[in-house]
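Student: Below is the structure I would like to discuss, written out as structure tokens.
The values are calculated or read from the model by the stated rules, or taken from the named source; none is laboratory data. Note that this is a predicted model, so its numbers are computed, not measured. Note that we place each Cβ from the backbone using ideal geometry, even for glycine, and neighbour counts take in every protein chain shown.
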Amino acid sequence: MTATETHLDGCFILNPTVFPDERGHFFESFNEARFQEMTNTNTRFVQDNQSFSKRGVIRALHAQAGEYAQAKLVRVLHGEVLDVAVDARPESTTFGQHIALKLSAENRLQLFIPRGFLHGFVSLSETAVFFYKCDNYYNKESESGVLYSDPSLAIDWLLPDRELIITNKDKDLPLFEDVYKSIQ
């Protein structure tokens, strides 16, 4: 496995070493010791989550705040998504910047998203199974988020608006500046 740091400090793309043969293939999707060494963190994951989404479903842009903030290691088990991470750490030199990366069952890429980031994705394939490890437990009272279509973030979700499927909860999220202006 290789790990490449993105332009966002602490955010890594992980690419597994795949061993193909006449039967199919094998790869190690996670090894805690190697992961910690490659990312120079001591992140320990405590919860796994999985979602199934139809084409056009956006699940974004979410985070947990305070003591319940979560780092995530995300990947796709079936289909393809555009995965988006936004640096929401006010002290970061890349505050307010994002990365958008296609993750698929075919490319097997994973994205490590440190604590303090907003996260979301849109399903690009007819269906997608999205899997993620979290280093902290879910806490409903700590939920926060930002509107997926915030113009200041300028995220290209790769699908026309008419194809997007968004919950009312996600449509009603505030703008980035409204959440973070008090700490800028």
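Student: Checking SER53 against (1) hydroxyl-bearing (Ser, Thr, Tyr); (2) in contact (Cβ under 8 Å) with a residue 60 or more places away in the chain; (3) under 19 Å from ALA71 (Cβ atoms): exactly one of these is not met. Which one?
Tutor: It fails just one condition, (3).
Student: Another question, if that's okay. I need a count of the residues in the range 120-162 that are more than 16 Å from ILE58 (Cβ to Cβ), surrounded by fewer than 16 Cβ atoms within 10 Å (Cβ to Cβ), out of contact with any helix residue (DSSP H, G or I) (no Cβ under 6 Å at 6 or more places or on another chain) and polar (S, T, N, Q).
Tutor: Within the range 120-162, residues that are more than 16 Å from ILE58 (Cβ to Cβ), surrounded by fewer than 16 Cβ atoms within 10 Å (Cβ to Cβ), out of contact with any helix residue (DSSP H, G or I) (no Cβ under 6 Å at 6 or more places or on another chain) and polar (S, T, N, Q) number 0.
One line per residue, one yes/no per condition, for (1) in contact (Cβ under 8 Å) with a residue 40 or more places away in the chain; (2) surrounded by 17 or more Cβ atoms within 10 Å (Cβ to Cβ); (3) within 15 Å of the chain's Cα centre (by Cα):
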{"residue": "ARG44", "(1), (2), (3)": "yes, no, no"}
{"residue": "ASN49", "(1), (2), (3)": "yes, no, yes"}
{"residue": "VAL57", "(1), (2), (3)": "yes, yes, yes"}
{"residue": "ALA60", "(1), (2), (3)": "yes, yes, yes"}
{"residue": "GLY66", "(1), (2), (3)": "yes, no, no"}
{"residue": "GLN70", "(1), (2), (3)": "yes, yes, yes"}
{"residue": "LEU73", "(1), (2), (3)": "yes, yes, yes"}
{"residue": "GLY79", "(1), (2), (3)": "yes, yes, no"}
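Student: For the range 151-164, give me each residue that is farther than 12 Å from VAL122 by Cα, without any contact (Cβ under 8 Å) to a residue 40 or more places away in the chain and not small (Gly, Ala, Ser).
Tutor: Hits for the range 151-164 are PRO151, ARG162.
Student: Looking for whichever is in contact with a Gly (Cβ under 7 Å, 6 or more places away or on another chain) and β-branched (Val, Ile, Thr) here; the options are VAL46, VAL84, VAL57, VAL74. Which one fits?
Tutor: VAL84
Student: Moving to a separate point now. So is PHE117 at pLDDT 95 or above, over 20 Å from PRO16 (Cα atoms), of a type in the set (Phe, Trp, Tyr) and buried (at least 19 other Cβ atoms within 10 Å of the Cβ) or not?
Tutor: The answer is yes for PHE117.
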